[in-house]
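Participant: The structure under discussion is supplied below as structure tokens; questions concerning it will follow.
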Amino acid sequence: MINSIPPVVPAGRLRALPQPEFELPGGMLLRPWAAQDVPALVESCLDPDIRHWNRPALLSPAEAEERIARWHARRQDEEAVIWAVAPATGGPAVGLIGIGDLDLAGGSGEILYWLLPAGRGRGVMVPATERVTRWAFEDLGLHRVRITHSVANPASCAVATKAGFPLEGTMRGALLHADGWHDEHLHARLRTDPPV
């Protein structure tokens, strides 16, 4: 007789959860992306640092609106949850954080993030990463959350390390960038790890 392993997170659980908003230090907020964020998303695709490390396609305003709608659909399809990093007092996004590449049955996902120049230097990404990770473990029920980034990107490495994601190793030639293949660091946290 073959024993089946039950899913770590049952199908339908993410769809049933509302996408929460999270207050962050420094007057910042994580919230779902909205129509007012279209210009920020268009701008992100033009930013040299975001383009280098995240490889986004250039987007027109109409395409950015479609991308935001697709992010909402992906949450309903239990594939990803994407938040805007924005001022708590209102206004457009200055960054993005999310958890994608979700494998609910296997209990894992990957944190992704970027900041526009208007969001940099505020110390917002470490607490944002900590908060999304806590939600992924406590509310969604994942077992393992990872962060990967080019070894040539020390800012992303610092965020991962400060957010309590130990470095597990280096994946050789793992991602093709405009300047060639990059080795990638792999960081991860388990739900059973001590709190940060």
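The values are calculated or read from the model by the stated rules, or taken from the named source; none is laboratory data. For clarity, every value in this text was computed on a predicted model and none was experimentally measured. Here the Cβ is made from the backbone with ideal geometry for all residues, glycine too, and neighbour counts use every protein chain on show. The area values use the complete protein model at the heavy-atom level, side chains included, leaving out ligands, DNA and RNA. Shrake-Rupley method; radii C 1.70, N 1.55, O 1.52, S 1.80 Å.
Participant: Calculate one ³J(HN,Hα) per residue across segment 166-183 by plugging θ = phi - 60° into the Karplus curve 6.51 cos²θ - 1.76 cosθ + 1.60, and present them in order as whole Hz with x for glycine and proline.
Facilitator: Going residue by residue, I get x, 6, 9, x, 10, 9, 6, x, 8, 9, 8, 10, 4, 9, x, 6, 10, 5 Hz, with x marking Gly and Pro.
Participant: What whole-number value in Å² describes the accessible area per residue of segment 111-189 for a 1.4 Å probe?
Facilitator: 45
Participant: Running a GNM on the chain with Cα contacts under 10 Å, which residue among ILE82, ILE111, ILE50 ends up with the highest mean-square fluctuation?
Facilitator: ILE50
Participant: Here's something else I'd like to know. Compute from the Cα atoms of segment 20-105 the Rg and the Dmax, the latter being the longest Cα-Cα distance, and quote both in angstrom.
Facilitator: Both quantities, over Cα of segment 20-105: 13.0, 38 Å.
Participant: Where a ≥ b ≥ c are the square roots of the eigenvalues of the C-alpha gyration tensor, would you call segment 19-64 rounded, which needs a/c under 1.5, or, failing that, prolate if a/b is larger than b/c, or oblate?
Facilitator: Here segment 19-64 falls in the oblate category.
Participant: Quick one: Karplus J couplings for segment 11-21, per residue in order, coefficients 6.51, -1.76, 1.60, θ = phi - 60°, nearest Hz, x for Gly and Pro?
Facilitator: Values, residue by residue: 4, x, 5, 5, 4, 7, 7, x, 7, x, 9 Hz.
Participant: Treating the beta-carbon of each Lys and Arg as +1 and of each Asp and Glu as -1, no other charges, what is the dipole magnitude of the chain about its Cα centre, to the nearest 20 debye?
Facilitator: It works out to roughly 320 debye.
Participant: Antiparallel versus total DSSP beta bridges in the chain: what percent is that, nearest 5? Write out the running numbers ahead of the final one.
Facilitator: On the way: 34 of 37 bridges.
In the chain, approximately 90 percent of DSSP beta bridges are antiparallel ones.
Participant: At q = 0.08, 0.09, 0.15, 0.16 Å⁻¹, what log₁₀ I(q)/I(0) does a Debye calculation on the Cα points of the chain give, no solvent, two decimals?
Facilitator: -0.26, -0.33, -0.95, -1.09
Participant: Summing -39500 (n - 2.57) over the DSSP H runs of n ≥ 4 in the chain and dividing by its residue number, what mean residue ellipticity at 222 nm do you reach, to the nearest 500 deg cm²/dmol?
Facilitator: On the way: 6 runs with 54 residues, N = 196.
When only DSSP H runs of four or more count, the value is -8000 deg cm²/dmol.
Participant: Let me ask you something else. Using amide H atoms built 1.01 Å from N in the peptide plane, name the residues 5+ places from LEU29, or on other chains, whose amide H lies under 5 Å from its own.
Facilitator: Distant-sequence amide H within range of LEU29: LEU24, ALA86, ALA88.
Participant: Assuming R0 = 41 Å, can you tell me the calculated FRET efficiency for the pair THR170 and ARG13, based on Cβ-Cβ distance, to the nearest 0.05?
Facilitator: 0.80
Participant: Please compute the net charge surrounding ALA188, taking Lys and Arg as +1 and Asp and Glu as -1 over other residues with Cβ under 10 Å from its Cβ.
Facilitator: Around ALA188, the charge tally is 0.
Participant: Now a separate question. Could you please state how large a percent of the accessible area of segment 46-131 is carbon and sulfur, counting protein chains only and using a 1.4 Å probe? Kindly include the intermediate steps, with their values, before the conclusion.
Facilitator: On the way: 1990 of 3880 Å².
Of the solvent-accessible surface of segment 46-131, carbon and sulfur hold 51 percent.
Participant: Right, another one. Between LEU46 and GLU66, what is the FRET efficiency for a Förster distance of 22 Å, r being their Cβ-Cβ separation, to the nearest 0.05?
Facilitator: Details: r = 18 Å, r/R0 = 0.80.
Computed FRET efficiency for LEU46 and GLU66: 0.80.
Participant: A follow-up question, please. If ligands, DNA and RNA are left out, what is the accessible area of ARG74 with a 1.4 Å probe, given in Å² to the nearest 10?
Facilitator: Surface accessible to solvent at ARG74 totals approximately 80 Å².
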